[in-house]
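The values are calculated or read from the model by the stated rules, or taken from the named source; none is laboratory data. From a predicted model like this one, the values you see are computed outputs, not experimental measurements. In this analysis, Cβ positions are derived from the backbone assuming ideal geometry, glycine residues included, and neighbour counts consider all displayed protein chains. Ligands, DNA and RNA are stripped out before the accessible areas are found, and what is left, the full protein with its side chains, is counted by its heavy atoms. Shrake-Rupley method; radii C 1.70, N 1.55, O 1.52, S 1.80 Å.
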Amino acid sequence: MANVSVFFCFIILLFGISVNGVEEEVKIYELKKNNFSIKLTNFGARIISVILPDNRGKLGDVVLGYDTLDEYVNDVRYFGAVVGRVANRISNAQFTLNGTVYKLDANEKNNTLHGGVKGFSQVVWKVEDYDNSCQSPYITLSYHSFDGEEGFPGDLAVSVTYALLDSYNLSVAMKAEALNKATPVNLAQHSYWNLGGHDSGSILFDEIQLFASHITPVNKSIPTGAIVPVEGTPYDFLKSYIIGGRIMEIPGGYDINYVLDGPTEKKMKPVAVVHSWKSGRVMRLSSDAPAVQFYTVNYMNHVKGKQGYVYLPHAALCLETQGFPDAVNHPNFPSQIVTPGKTYSHNMLYTFTIV
């Protein structure tokens, strides 16, 4: 990557919103290096824009979202958010830990999705640090989740750091510490990506490669507990393939947890490569998580987004690196339990290139 001599970072104050009856200050933060920039908000620790050039030099925003904070406050799609305390689904909104049954808030039929009715995507995070020196612009946000929040046990200290490391490299580092009780933790970053531009239509003609030889099949969106190979099925993206090439063979479209290949210990490994032929943009994602949820945004029906653009089904894709869904109810899945004195960590690196 070429050296970048000019960097800019600035903060834009929006307004306060009422959270639990208390007026909380919400801001938009921008990190910028040359012609690559991201905007974030401390409401839900969300990415609200990612701007980078296409193969003609035209800048474009490659994540879906809204124009106003009010729309994010009322969002039910988790646009750009950090989701937790436990991402994805927990079956029957309950689990047993150390002999105690914990009943959670159900917000998707009988299940708990992305932390419950008011998960981490719907709270105001505190800005712990913001680097204005601009050598490697970053922001660190934190949230204290209280014992019993959405039914989860124990106090939990959570943080996420977004950083621009080199040209077109975005790092996301999430940490959590259980303060007084063992608790499940599975954080995920829930941006909706369209490398053609948020307003460019369907991603079904883009190509994707997933470095995962197995999936965890589901019954009504809940894992069965099995881990099965993708070889010879429409889920096989071990080689780069058009996203829409076999999607008609998948009822409803792709929305499944892939088990990542590579080391099982906490080491960075390749997750996916996405290539948009419309723009020439390529996104490479790596992570130290054991799995990734690949979702082709199957139910986005006429959602009014940025600049009034209307988002339709398959307007984006999500790649949510994560622990296995419903692991608290499947002893054969890697554990998500964090005990006091232990630290949960989850790291991602997005590398963008133009071809």
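Quick look at the numbers
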quantity: Single residue of region 124-138 satisfying the filter (part of a loop (DSSP other than H, G, I, E, B) and out of contact with any Lys or Arg (no Cβ under 7 Å at 6 or more places or on another chain)) that is surrounded by the most Cβ atoms within 10 Å (Cβ to Cβ); calculated: TRP125
quantity: Qualifying residue in region 162-169 (condition: surrounded by 17 or more Cβ atoms within 10 Å (Cβ to Cβ) and more than 20 Å from the chain's Cα centre (by Cα)); calculated: yes
quantity: Enumeration of residues in region 286-303 that are of a type outside the set (A, V, I, L, M) and in a strand (DSSP E or B); calculated: SER286, SER287, GLN293, PHE294, TYR295
quantity: Residue within region 110-123 that is farther than 22 Å from GLN322 by Cβ and either open to solvent by less than 30 Å² (accessible area, probe 1.4 Å) or part of a strand (DSSP E or B) (or both) present; calculated: no
quantity: Any hit, region 265-272, residues being more than 25 Å from PRO53 (Cα to Cα), in a loop (DSSP other than H, G, I, E, B), open to solvent by 10 Å² or more (accessible area, probe 1.4 Å) and free of Cβ contacts under 8 Å to residues at least 24 places away in the same chain; calculated: yes
quantity: Test: residue in region 135-150 that is β-branched (Val, Ile, Thr), at pLDDT 95 or above and farther than 30 Å from LYS27 by Cβ; calculated: no
quantity: Residue count, region 38-85 (criterion: more than 17 Å from MET348 (Cα to Cα) and hydrophobic (A, V, I, L, M, F, W, C)); calculated: 11
quantity: All positions within region 273-285 that are open to solvent by 10 Å² or more (accessible area, probe 1.4 Å) and not in a strand (DSSP E or B); calculated: TRP277, LYS278
quantity: Residue, surrounded by the most Cβ atoms within 10 Å (Cβ to Cβ), within region 303-346, restricted to residues that are under 25 Å from PHE79 (Cβ atoms) and among the basic types (Lys, Arg); calculated: LYS306
quantity: Residue list for region 80-96, restricted to those being open to solvent by less than 20 Å² (accessible area, probe 1.4 Å) and part of a strand (DSSP E or B); calculated: ALA81, VAL82, VAL83, VAL86, ILE90, PHE95
quantity: The one condition in (1) over 26 Å from SER345 (Cα atoms); (2) crowded, with 18+ Cβ neighbours inside 10 Å that SER191 fails to fulfil; calculated: (1)
